[in-house]
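Down below is the structure, laid out as structure tokens.
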Amino acid sequence: MLKDISKYIIDDRIFNVKFKCDLNVCKGGCCTMYSELGAPILESEITEIRNLLNKIKKKLPQKNLEILENEGFFLEYENKFYLNNIKNRDCVFSFREKNVAKCIFEKMYFDGEIEFRKPVSCQLFPVRISGDEREVLRFEYFNECNYALENGEKNNLTIFEFVKEALIRELGTETYNQINENYLNKC
């Protein structure tokens, strides 16, 4: 049975712009870019993160622990939730490894220590989802990602392909495939 995908408003650039991150070049810029609010998180992710805090705290730098202790790990602004950050820069869940900012969730996930990979908005980056029903998908351009655009061209990988795993996590396989098929039929 096909799902109705007509509710989705999708930025065409997601299908046309080539993109592939290279942490060795950007140094984890998406985890450290200037912003008063950190990455958006879902209300459901707050509980999940809260349940992991004791495990995660053991692996974070002292400055992160101080923020977690004094300010908490998330902020609420206009009824939406965002990860806290350090001095409007580093995500409170980031750490440095060989001068590259990395996500503690993702490290622990790939090390087999936790099942939560990272907030879905982080995994979806540079795609942002908005709207009352999370129906608007758009490409958010950042200067820090210029090399990722070049790298995407070299590897012939679109944003849609680059964030496939995250889109499937957010929308489900069936919806992802339908959106992909719908786009291909337009071409």
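Has segment 7-26 got any residue that is of a type in the set (Val, Ile, Thr) and surrounded by fewer than 18 Cβ atoms within 10 Å (Cβ to Cβ)?
yes
Which is modelled with pLDDT under 95 and out of contact with any Phe, Trp or Tyr (no Cβ under 6 Å at 6 or more places or on another chain), of LYS87, LYS63, LYS107, LYS55?
Result of the check over LYS87, LYS63, LYS107, LYS55: LYS87.
How many residues does segment 127-160 contain that are surrounded by fewer than 18 Cβ atoms within 10 Å (Cβ to Cβ) and more than 14 Å from the chain's Cα centre (by Cα)?
17
Do we have any residue at all in segment 140-157 that's at pLDDT 95 or above and closer than 23 Å to ILE5 by Cα?
no
Restricting to segment 1-18, name every residue that is outside any helix (DSSP H, G or I) and touching a strand residue (DSSP E or B) at 6+ places or on another chain (Cβ under 7 Å).
Across segment 1-18, the qualifying residues are TYR8, ILE9, ILE10, ASP11, VAL17, LYS18.
Say we look at segment 32-45 and pick out the residues that are surrounded by 12 or more Cβ atoms within 10 Å (Cβ to Cβ) and farther than 25 Å from TYR176 by Cβ; which of these is nearest to the chain's Cα centre (by Cα)?
Among residues in segment 32-45 that are surrounded by 12 or more Cβ atoms within 10 Å (Cβ to Cβ) and farther than 25 Å from TYR176 by Cβ, the one nearest to the chain's Cα centre (by Cα) is GLY38.
Specify the residue that is surrounded by the fewest Cβ atoms within 10 Å (Cβ to Cβ); the eligible residues are those in segment 161-187 that are among the aromatic types (Phe, Trp, Tyr) and in contact (Cβ under 8 Å) with a residue 60 or more places away in the chain.
TYR183
The values are calculated or read from the model by the stated rules, or taken from the named source; none is laboratory data. None of these values were measured; they are calculated from a predicted model. Reconstructed Cβ throughout: ideal geometry from the backbone, glycine too, with neighbour counts over all protein chains shown.
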